[in-house]
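**Student:** Before anything else, here's the structure in question.
Read the figures in this text as sums done on the coordinates, not as results from a lab. In this text the structure is predicted, and so the values were computed from the model without any measurement. Ideal geometry is used to build each Cβ from the backbone, glycine not excepted, and the neighbour counts take in all protein chains shown.
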Amino acid sequence: MDVSRRDFVKLAGIAAVGAAVGGISKTEAARKSELISRQAPVVGSKNVAGNRINGSTAKVYFTQKIDSKSLIDLYQRVNDAIIYGKVAIKLHTGEKNGPNILPRNMVRAFQAQVPNSAIVECNTLYTGSRYTTEDHRETLKINGWDFCDVDIMDEFGGVDLPVRGGKHLQYVNMGEHIKNYDSMIVLTHFKGHAMGGFGGALKNIAIGCASGHVGKCQVHGYDPSLGMPPAGPAWFDGTFPLEDKFMELMADSGKATCDFFGKHIVFLNVLRRMSVDCDCAGTQAAEPTMKDIGILASNDILAIDQASCDLVYSAPDSKDLRERIESRHGMHQLQAMKDLKMGNDQYELISVD
């Protein structure tokens, strides 16, 4: 599929706008939000990843309200005939009884508004409760992801997707069923991550769409000839590519998925219960030490992860998560995406509250 992504730079601002979309059509919602954003003044900015340069900006919509109505509202603002046909909702469904995964009722209400949609996942590289499809399905049931179809995309193997101009990879093995979908909604719980520093939209598709026993080896730089797969989500050590190279491998993988769907992909980040640990840590995840921030939506993967990081860095209680990000060189995810021309690191942050 053809893809058109702009290599932009960052301008962050928060602008107050009017009432929520409510029940109006997606086309009308897009028209109104475009009119509002043209009128909205930029009243503040913060950039934690580099110097600002004058240039075009991406739109990132923001609300402090974390509920199904707000999630649906933001989705409508970024979807104007972009999402169509058979729709994949890429969600991190988490290890058994994970305390920080997205609220099932919120996701249920959202999924019900997306015709012909299914939640999609892939099995894990590490051994545990999502390593095999059988165990994965049991974990899905325990965590309450039983209100709609959940497609474990690598249940029957993988398919190689090309990485155009990648830093390290020429292709990534994705869950085979990815080819069955026309469009994708990347619904991400933004939080910390043991290897990536933070897990945003990039991590959700870069690792989450890669097949468990082939693609995830490529993304993690893991050599399967070493023998048995690692045990548990905290398996990594100094023998595996970490820091900048790992961020670049993730960007390569994320680009393969973005290129596959072209313009038919949108991104929603939920900044809620942001532990320093990923949802793959399950009940072992550290308790969050910062307050919830809100929900963001964009058509631009770089802009939404940049804005999420900026909001975290602006929060006075984000010390622990910032330390996790910096200790893993997590901000290099943003630079790697920029290098691959995956999107725009300058954005207009448009509040809908």
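**Student:** Would you mind checking K245/K338; K65/K338; K65/K216; K90/K179 for any pair whose Cα atoms are more than 25 angstrom apart?
**Tutor:** Beyond 25 Å between Cα atoms: K65/K338; K65/K216.
**Student:** What is the order of S253, S275, S327, S308, fewest Cβ neighbours within 10 Å to most?
**Tutor:** S327, S275, S308, S253
**Student:** At 0.36 nm per residue, minus the direct Cα-Cα distance, what do E243 and A112 gain on full extension? Give it in nm, one decimal, please.
**Tutor:** Gain on extension, E243 to A112, equals 43.3 nm.
**Student:** Something else now. For K96, go through the lysines and keep the ones whose alpha-carbon is under 19 Å away, minus same-chain ones fewer than eight residues off.
**Tutor:** K141, K191
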